[in-house]
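I have placed the structure first, in the form of structure tokens, so that the comments after it can refer back to it.
What follows is calculated from the coordinates using simple rules that are stated; it is not laboratory data. Just so it is clear, the model here is predicted, and its values are computed rather than measured. Here Cβ is always computed from backbone atoms with ideal geometry, including for glycine, and neighbour counts include all displayed protein chains.
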């Protein structure tokens, strides 16, 4: 992989050098899409943008950033990883979001067995600051300061909620298979009026290691809680074969594809402001391979107990 480099922009400030990421397929026809099923099919593929990758460490924050090759006033999302994972375990997800015109960055900290959730939340805030305040690439990319989102997986989803409580400029949150955190993300969600996408595995929704139902019930603003058919909470983690042998769950390509499409549709319809994707913010929309759980009170133990992989911040 080419070396990343840093330098200074015209004003003398730092910038993050970017190099090409994976190749992108380009569509040769323009199709008018109206149904949610068609939108999901479109989002099951990479987007039309070429993608570049950069190293956040050049700006003082360990992590990575994926961007479209060019574009001004772009939306951006900072993504928090799950327990015993890192930014590299979500490379395909981040690259995919960038192919759809969204700057996607992820801190690569708190990777050990006893992570700090508040520490990861702080790093997510720093990551957003880098996206909006540090020059990305050679000057052909900029992030709109009012098109910001936070997202994450597992404990990273909880950390994203904690970070959103500190950032009034954040406009949306994506919580992918959220897990309990310390302090509880639900206490912050109760004060958030921005839209949230909350995804869960149908067989784990009421378990101790998922607080998706509790988070959905606590959230003050509009939410979409969906389960993904035949999924597990760790199905979106990439390249973790050794831990899979120890019982942490294998990667599930179908779960990963559906999750990527739902998150992209949600971000395009919210922070990107594309009305075509607004159905992904509608809990009444029928989306293939997903279900909207009936309203049931969350298990208090699910939010009161923090499993070993969700250590105190």
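Dividing the mean sequence gap of close Cα pairs (under 8 Å, 6+ apart) by how many residues segment 51-304 holds gives a relative contact order of 16 percent.
Neighbour counting of Cβ atoms within 10 Å sorts the residues 83, 100, fewest neighbours leading, into 83, 100.
Would you work out if segment 51-304 is rounded, prolate or oblate? Take a ≥ b ≥ c from the square roots of the eigenvalues of the alpha-carbon gyration tensor; rounded if a/c is under 1.5, else prolate when a/b is larger than b/c, oblate otherwise.
Numbers: a/c = 1.43, a/b = 1.27, b/c = 1.12.
It is rounded, given that a/c, with a ≥ b ≥ c, falls under 1.5.
Here segment 62-103 and segment 187-238 have alpha carbon centers that stand 21 Å from each other. Overall shape: oblate for segment 67-126, with the ratio a/c of the largest to smallest alpha carbon gyration tensor axis at 1.5 or above and b/c at least equal to a/b.
Each peptide among 207-220, 109-122 gets the average number of other Cβ atoms lying within 10 Å of its residues, and from highest to lowest they stand as 207-220, 109-122. When you restrict to C-alpha pairs under 8 Å that are six or more residues apart and normalise by the size of segment 22-170, the relative contact order lands at 26 percent. Listed from fewest to most Cβ neighbours within 10 Å, the set 70, 204 follows the order 70, 204. Please label the shape of segment 98-192 as rounded, prolate or oblate, based on the square roots a ≥ b ≥ c of the eigenvalues of the alpha-carbon gyration tensor (a/c under 1.5 means rounded; beyond that, a/b larger than b/c means prolate, else oblate). It comes out prolate by the Cα gyration axes. Legend: ranking of residues 125, 19 from fewest to most surrounding C-beta atoms inside 10 Å; resulting order 19, 125.
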